[in-house]
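Below is one structure, written out as structure tokens, with a few remarks after it.
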Amino acid sequence: MPNRICVAIDGPAGAGKSTVAKLVARKLGLLYIDTGAMYRAVTLKALKQGLNLHEAGGLTNLARETTIKLVPGLQQSVLLDGEDVTEEIRSPEVTRHVSTVASVPGVREVLVERQRQMAYENGVVMDGRDIGTVVLPRANAKFFLTASAEERARRRAKELEDKGYTVDIDKLIKEIQDRDYTDSHRSVSPLVPAGDAIIIDSSGMNIEEVVDTIISWIEKNK
Ligand code: CDP
Ligand code: CDP
């Protein structure tokens, strides 16, 4: 009998969602699903095809025709129409444009449907922006992870520097704030905590502390 527990983890960029969600999934024996990777994959394909990112119809058709596979594993890989784009979808260019593509209602409809299907077939820990509010409103546990924009930018800067990028921290803070704004103010599925989400401000917490907080809550409330 598959374990059908569904855990939703939402929050802004750099809050620690994917790092924490992966560890929680491993501890609970659930599948981890990174929904941001799906929006990033559609954005990458749109950029490669030179599509107008303000033309909703073209982007919606593109999402519909695109296959995205999230391959489970320690370093979850992402296949876009069969091609491994795990690294490419994290590029600064995709990061700059992803919120525009994710604001298109048709794109969201296509991807949300696929996310629900994955959760229906497996127990999952799913991270994103609208998991507790829209994708899985009946999830067993919902968490909203946050941290100050400065702290989130510092975490992102470290990651980018480790990959060899040169980072302007003020620019990164501004980009994070802009993305927060776009994600929180779009008309469809804006980034807001679900009414029944547990809010965790991880500004002064390390990864292990956040994971422990989530696991203890689930253990106590299951
Ligand atoms: O990793 P990071 O927090 O930078 O972002 P991500 O989770 O990879 O998501 C990239 C972008 O996709 C977000 O800024 C949102 O614009 C969009 N997204 C969304 O709209 N809904 C989701 N469920 C997940 C991501
Ligand atoms: O998925 P999201 O954009 O919310 O964040 P992430 O990619 O999981 O985390 C961004 C970076 O912050 C990673 O390098 C994590 O190792 C780091 N992090 C941290 O230093 N302390 C935490 N409490 C959570 C994440």
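Any read-out appearing in this document is the output of simple, stated calculations on the displayed coordinates, not a laboratory observation. Given the structure is predicted, the values throughout are model-derived calculations rather than measurements. Heads up, the Cβs are rebuilt from the backbone with ideal geometry, glycines too, and the neighbour counts pull from every protein chain shown.
Which links in 17/158; 27/142; 27/220; 48/174 stretch past 20 Å when you go from one Cα to the other?
Table pairs above 20 Å Cα-Cα are 48/174.
What are the equivalent ellipsoid semi-axes of segment 61-140, built from the alpha-carbon gyration tensor (square roots of five times its eigenvalues), in whole angstrom, biggest first?
Working from the Cα gyration tensor, I get semi-axes of 20, 17, 13 Å.
Please list the radius of gyration and Dmax for segment 13-77, considering alpha-carbon atoms only, with Å as the unit.
14.5, 42
If you take every DSSP beta bridge fully contained in segment 23-139, what fraction is antiparallel? Give it as a percent rounded to 5.
60
Multiply the residue separation of residue 212 and residue 162 by 0.36 nm, subtract the distance between their alpha-carbon atoms, and state the gained length in nm to one decimal.
15.3 nm
Give me the net charge of residue 219's neighbourhood, meaning all other residues with Cβ under 11 Å from the Cβ of residue 219; Lys, Arg count +1, Asp, Glu -1.
That sum, taken over residues with Cβ under 11 Å, equals +2.
I'd like the FRET efficiency for residue 55 and residue 87, computed as 1/(1 + (r/R0)^6) with the beta carbon distance as r and R0 of 30 Å, rounded to 0.05.
Calculated value: 0.65.
Percent relative contact order of the chain, based on C-alpha pairs within less than 8 angstrom and at least six residues apart?
Relative contact order, the chain: 32 percent.
With both partners inside the chain, how many of the DSSP beta bridges are antiparallel, as a percent to the nearest 5?
Taking every DSSP beta bridge with both residues in the chain, the antiparallel ones total about 25 percent.
Using the basic label-point model (7 angstrom from Cα toward the beta carbon), what is the residue 174 to residue 192 distance in nanometres?
3.0
With +1 assigned to the C-beta of every Lys and Arg and -1 to the C-beta of every Asp and Glu, and no other charges, what is the dipole magnitude of segment 6-220 about the Cα centre in debye, to the nearest 20?
So the magnitude is around 280 debye.
Between the alpha-carbon centers of segment 69-99 and segment 1-42, tell me the distance in whole angstrom.
15
R0 = 22 Å: FRET efficiency of residue 184 with residue 109, Cβ-based, nearest 0.05?
E between residue 184 and residue 109, to the nearest 0.05, is 0.65.
In a shell of Cβ-Cβ distance under 12 Å around residue 72, excluding residue 72 itself, what net charge do Lys and Arg (+1) and Asp and Glu (-1) give?
+2
About the Cα centre of segment 1-108, how large is the charge dipole given +1 on each Lys and Arg Cβ and -1 on each Asp and Glu Cβ? Please answer in debye to the nearest 20.
420
Rg and Dmax of the chain, using alpha carbons, in Å: what are they?
Spelled out, the Cα radius of gyration and Dmax of the chain are 16.6, 50 Å.
Give me the number: length gained by fully extending residue 222 to residue 27, i.e. 0.36 nm times residue separation minus the C-alpha to C-alpha distance, one decimal in nm.
Gain on extension, residue 222 to residue 27, equals 68.7 nm.
So what are the ³J(HN,Hα) numbers for segment 209-220, from phi and the Karplus equation (6.51, -1.76, 1.60; θ = phi - 60°), rounded to whole Hz, Gly and Pro as x?
The phi angles translate into 5, 5, 4, 4, 4, 5, 4, 5, 4, 5, 4, 5 Hz.
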